[in-house]
1. At a Förster radius of 41 Å, what calculated FRET efficiency corresponds to the Cβ-Cβ distance of A65 and A269, to the nearest 0.05?
2. Sketch the reach of a paramagnetic label on S388 as a point 7 Å from Cα along Cα-to-Cβ, and name the residues of the range 294-338 whose backbone nitrogen lies under 12 Å away.
3. So what are the three principal axis dimensions of the chain from its Cα atoms, in whole Å, longest to shortest?
4. Looking only at A122, A133, A212, which one moves most when the chain is put into a Gaussian network model with springs between Cα atoms under 10 Å?
5. At 20 Å minimum axial length over the Cα atoms and a Kyte-Doolittle cut of -1.0, report the qualifying DSSP H helices in the chain, or say none.
6. Using r as the Cβ-Cβ distance of M262 and L50, and R0 as 22 Å, what FRET efficiency do you calculate, to the nearest 0.05?
7. Report the percentage of all Cα-Cα pairs in the range 227-334 whose separation exceeds 18 Å, rounded to a whole percent.
8. Name the residue from L87, V329, A33 whose Cα lies farthest towards the positive end of the charge dipole of the chain, charges +1 on Cβ of Lys and Arg and -1 on Cβ of Asp and Glu.
Amino acid sequence: MSLTGHVDSPEARRALHRRTIGVVMASQVFSGAGLSAGVTVGALLAAEMLGTSALSGLPSALFTAGSAGAALAVGRLSQRRGRRAGLTAGYAAGAVGGAGVVAAAALDSVVLLMFFLLVYGAGTATNLQARYAGADLVEPGRRGRAVSSVLVATTVGAVIGPNLVAVTGRAAMHWHIPALAGPFALAAVAYATAGTILFLLLRPDPLLASRALPEQVPADEQGTPAAPTRTDRAGVLAGAATMVLTQLVMVAVMTMTPVHMMAHGHDLAATGLVIAVHIAAMYLPSPITGILVDRVGRVPVAAAAGVTLLAAGIVAATSPEESVVLLTVALGLLGLGWNLGLISGTAMITDAAPVRTRARTQGTVDLWVALAGAGGGITSGVVMTATSYPALSIAGGALAVVVIPFVVVSARQVRV
């Protein structure tokens with residue numbers, strides 16, 4: 001393997017893949033902390049600065065809008081200049097956004113706050129895009145496990161970030177900055193650190209190195225070519241539909257669950273427990289999901305995502321209002337369904353896109369995934385207000401089942 005990224009043997013390819021996974025995982029620990037630290041207090045900071053809780057959901061909307069735009073930009077930059085350039089730029093933007101939020105809070109400027117929350121969303125998109133770097137050089141039969149490794153590393157940071165909220169808040173007050181801006185200072189440092197790790201160590205670039213591989217190699221034991229010569233539209237649609245639908249359903253039900261619980265007398269501790277289990281279920285099963293995707297297949301795992309989300313919807317809808325246990329089970333299933341859908345969908349997209357257009361395709365798909373999350377968050381409140389939380393949960397589960405016929409039909413056209 002040369003310093004320019006030419007992979008001249010299978011051993012060199014595997015060595016570069018192992019190095020890439022290690023570097024990306026290290027950066028994800030920091031970026032996960034940056035993501036969770038800011039998201040934890042975003043709504044509270046907005047409510048404090050606006051003087052009302054009516055618009056406290058605005059930070060989430062701005063994160064998502066910024067994330068959608070950044071997903072497309074990071075994907076296209078990665079396509080032209082490689083993963084190192086795309087991911088580094090994305091994390092740099094996230095760091096600027098975090099620092100800008102701190103400045104906005106110090107200046108008590110709502111306009112600056114809204115602008116920099118939008119920029120901060122770039123870190124969210126980049127955190128998710130990093131999973132693709134883990135699959136650039138790996139053989140088709142190991143792509144699911146490669147993606148899962150990156151997601152597990154994100155979990156470590158996501159757990160650390162919220163636990164530093166109090167510490168960073170006290171540090172901010174020491175510098176005469178609002179306490180709720182402290183976690184955004186942590187986010188700025190964390191994103192900057194993640195970007196620096198990638199800039200310095202992600203060499204040779206895995207995406208650029210993958211272009212030195214033969215355009216077409218024999219199919220693996222599941223019949224999946226390692227490097228398709230042209231975009232497999234059916235495979236891309238199957239992967240995109242899987243991730244878009246699971247994201248929409250997950251965000252819709254997850255967003256309204258705390259509202260439902262608070263309306264029925266549950267305290268913040270109970271709500272926090274339910275959401276904590278949900279987040280754990282989103283990421284911790286990744287190693288097992290990755291093995292299933294590689295050994296059982298993309299389509300069966302995508303179908304399992306639809307079934308799991310349906311089960312989550314049914315449990316949530318039928319849970320007695322006073323039962324924290326059943327709601328915890330429902331949100332755990334919701335997180336697991338999302339995990340199954342994200343990893344299987346990511347593998348489908350990587351299988352279906354040729355290396356010369358892969359990053360651009362991945363960025364475009366993640367744009368739609370982000371927009372689906374925004375749509376789920378916005379419509380969930382409307383649906384629950386017009387009907388009820390059980391109705392929202394059942395509707396979400398039923399929508400998730402649409403994944404099954406879609407991927408099965410697509411599988412008839414291409415092996416995914």
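1. Computed FRET efficiency for A65 and A269: 0.85.
2. Under 12 Å, as judged by backbone N against the label point of S388, lie 317-321 of the range 294-338.
3. 60, 49, 28
4. A212
5. Span-like helices, by this rule, are 10-50, 58-81, 83-107, 110-133, 143-163, 182-201, 233-263, 268-283, 298-318, 324-352, 358-386.
6. Plugging the Cβ-Cβ distance into 1/(1 + (r/R0)^6) gives 0.65.
7. Counting pairs separated by more than 18 Å, the tail of P(r) holds 54 percent.
8. Of the listed residues, the answer is L87.
Read-outs throughout are calculated quantities, based only on the coordinates presented, and are distinct from any laboratory measurement. These numbers were taken from a predicted model, which means no experiment stands behind them. Here the Cβ is made from the backbone with ideal geometry for all residues, glycine too, and neighbour counts use every protein chain on show.
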